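Data block below; observations after.
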Amino acid sequence: MPRLTLPLTTFAVLLATVLITSGCDASRSAEKSSTNTSENGASNQSDTSTAEAGHDSDKHHEKSRTVHLSAEQRDKLSIRLTKAPGGSAEDTIKAPAEVHFDADKVARVGPRLDSKVVEVKADLGDRVKAGDTLAVLDSVALGKAKADYMTAAAHYQNAQAVYRRKRGLADDKIISQAAVDEARAKYRSAKASRRAARAELSLYGLTDKQIEAVDRGGDNAPLSRFALTAPIAGTVQARDVVVGQSVAASETPFQIVDAEQMWVMLQVSEQNAASMATGLPVSLGVRSMPERRFTGETDWVSEELDAESRTLTVRATVPNADGALSAGMFGTATVQTASTADYALVPTDAVQTLGREQSVVFVPGSKSGQFRAVAVTTGDEGNGEVEIRQGIQPGDSVVTAGAFDLMSALTSGARSASH
C-alpha cells in the first residue's frame, strides 16, 4: 500500500504541534515530581508510594505511545482504519475483483406481446414484492386472445350441456346412440379449443387467477388491458417506460434486483490458479470504503484461463444485507487457501519499528483523534501482508494508511520531551 507523502510545511506544522504537546506534558511531569520530592523528603518511600509510582509509570508509558491529532491534522495525513481480517500470510492470495449483481436474483421484466403503456406504477428505487404491479399496459393482440378464449369457453359450456342432455335421452331410448356420439365429438372439440385459447393467454403472461377472471366476465376494464407484474421481490433498478410509449414483446423496460447478496468476480494470476477451489474464505476491500471488509466464500472456479490476461476467473458470493456494495465497484480480494491458522493480517506498511527492535501497529485511542502504538509479535509475511500473532486480534481496527507519519510524529515528540 503506497505511503502518503506530505508537503514539508504541512508535516512541519504537525510535528510542531506534537512537539509542543509532548514538551508541555514532560515539563508538567518533571515539575510535579520535584514538588513531591520537596514536600515528602526521602521518608516517602513506602510500599503504597512505590505502587503509585509504578501506576504513574504505566500511565506515562502509555501516554508516551499515544499521538493526538486534530481533525485538520488527521485529514492532512489521510489516516485510514481497517478491521484486520484473519488468516495466514503464507496461504493468502490477493487478486483484483469487481462486484456484480447475483444473476440468480435479477429479473428483467417486459410484456410478452406488443403493447402501449397506460400507467406506470413503480419507479426507480421502489421496493416491490413478487406479484406487485409495475405498469398497466394495453394490447390489441391480448384483447383479441381474450375474446377468442371467451368464445371458446362459451362453445365448450354449450357443447357440454348438449352432450349431457343427449346422453340422458339415449339412456331413456329416446334418441339413437349415433346422436350421442355426435354430441360427444362436438363436446371434445369445444373442450380442446377452450384449452388452446387458455394456453395462449398463459403464454401472454396471464396467471390462472387472471384467466379465471376472464371466465367470469372480468371487470369493467377493457379486454386489452393487463398488468405487468414483478416476478421477484427486490428493488426497481431500471425503468425505461413512460405513459403512451409503445413497448415491443422483445423489450424488458423494467429490471428488478435483489442485492442482499452479491457476486464478486476475481481475476487470479496464473501462478496461483492451482490453489483455487470452491468454499475458500474471501475478504473483499473496495476503493470507495477502504475502512470496511466484506467476507464471503468462493463458489465457482473457471476451467480455463483468459487468453489475453492469463488470469483465472473465480466467483465468490458476499452477503450485502445493508446494501453497502454496489455492482461495478472495484477492489482487491484476499483468498485464504489451505491454512487453518487465524492470525490478524495487516499490510506490511502498517507495522512500524519503535526503538531498535519493537514492532508496533497503531490502533484508535479512547478519544477522537487519538492513536496508540501497540506492541505486536509478527509472524510470516507474504502477498504484502504480515501475520500479527500477538498484540491484536482478527477484527480489530488498525491504521493501515498513515502509520509511518504517525510513527514520525510519535518519535519526534518523544525526542522533544527527553530534551
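The values are calculated or read from the model by the stated rules, or taken from the named source; none is laboratory data. Remember, it's a predicted structure, so these values are computed and weren't measured experimentally. Don't worry about glycine lacking a Cβ; one is built from the backbone with ideal geometry, like all the others, and counts go over all protein chains shown. For the accessible areas, the whole protein counts, side chains as well, though only heavy atoms, and no ligand, DNA or RNA atoms are used. Shrake-Rupley method; radii C 1.70, N 1.55, O 1.52, S 1.80 Å.
Among the residues of the stretch 92-104, those that are outside any strand (DSSP E or B) and open to solvent by 50 Å² or more (accessible area, probe 1.4 Å) comprise Ala103, Asp104.
The residue that is nearest to Gly369 (Cα to Cα), among those in the stretch 52-103 that are modelled with pLDDT of 75 or more and basic (Lys, Arg), is Arg74. In the condition set (1) within 15 Å of Gly87 (Cβ to Cβ); (2) surrounded by fewer than 17 Cβ atoms within 10 Å (Cβ to Cβ), Thr378 is compliant with all but (2).
Only one entry in Ser78, Ser88 is within 30 Å of Asp349 (Cα to Cα), among the hydroxyl-bearing types (Ser, Thr, Tyr) and open to solvent by 60 Å² or more (accessible area, probe 1.4 Å), namely Ser78.
Among the numbered criteria (1) open to solvent by less than 30 Å² (accessible area, probe 1.4 Å); (2) assigned to a loop (DSSP other than H, G, I, E, B); (3) among the aliphatic types (A, V, I, L, M), which single criterion is violated by Leu345? Evaluating Leu345 over (1) open to solvent by less than 30 Å² (accessible area, probe 1.4 Å); (2) assigned to a loop (DSSP other than H, G, I, E, B); (3) among the aliphatic types (A, V, I, L, M) leaves (2) as the failure.
Restricting the first member to the stretch 360-375 and to residues that are in contact (Cβ under 8 Å) with a residue 12 or more places away in the chain, and the second to residues that are among the basic types (Lys, Arg) and open to solvent by 20 Å² or more (accessible area, probe 1.4 Å), the beta-carbon pairs closer than 7 Å and six or more apart or on different chains are Phe362/Arg372; Val363/Arg372; Gly365/Arg372; Gly369/Arg74; Arg372/Arg65; Ala373/Arg65. Can you find a residue that is part of a helix (DSSP H, G or I) and either in contact with a strand residue (DSSP E or B) (Cβ under 8 Å, 6 or more places away or on another chain) or within 22 Å of Arg216 (Cα to Cα) (or both) anywhere in the stretch 174-183? Scanning the stretch 174-183 turns up no residue that is part of a helix (DSSP H, G or I) and either in contact with a strand residue (DSSP E or B) (Cβ under 8 Å, 6 or more places away or on another chain) or within 22 Å of Arg216 (Cα to Cα) (or both). Taking each residue of the stretch 301-329 that is closer than 16 Å to Thr235 by Cα and among the hydroxyl-bearing types (Ser, Thr, Tyr) and looking for partners that are modelled with pLDDT of 95 or more and open to solvent by less than 50 Å² (accessible area, probe 1.4 Å) with beta-carbon atoms closer than 7 Å, six or more apart or interchain, yields Ser326/Val99. Counting only strands (runs of 3 or more DSSP E) that sit wholly inside the stretch 201-307, those with at least 2 residues that are open to solvent by 40 Å² or more (accessible area, probe 1.4 Å) and either closer than 30 Å to Ser78 by Cβ or at pLDDT 95 or above (or both) are 234-239, 261-269, 289-305.
Matching residues to (1) in contact with a Gly (Cβ under 7 Å, 6 or more places away or on another chain); (2) more than 23 Å from Lys105 (Cβ to Cβ); (3) not β-branched (Val, Ile, Thr):
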| site | (1), (2), (3) |
| --- | --- |
| Glu308 | no, yes, yes |
| Ala321 | no, no, yes |
| Gly331 | yes, no, yes |
| Gly355 | no, yes, yes |
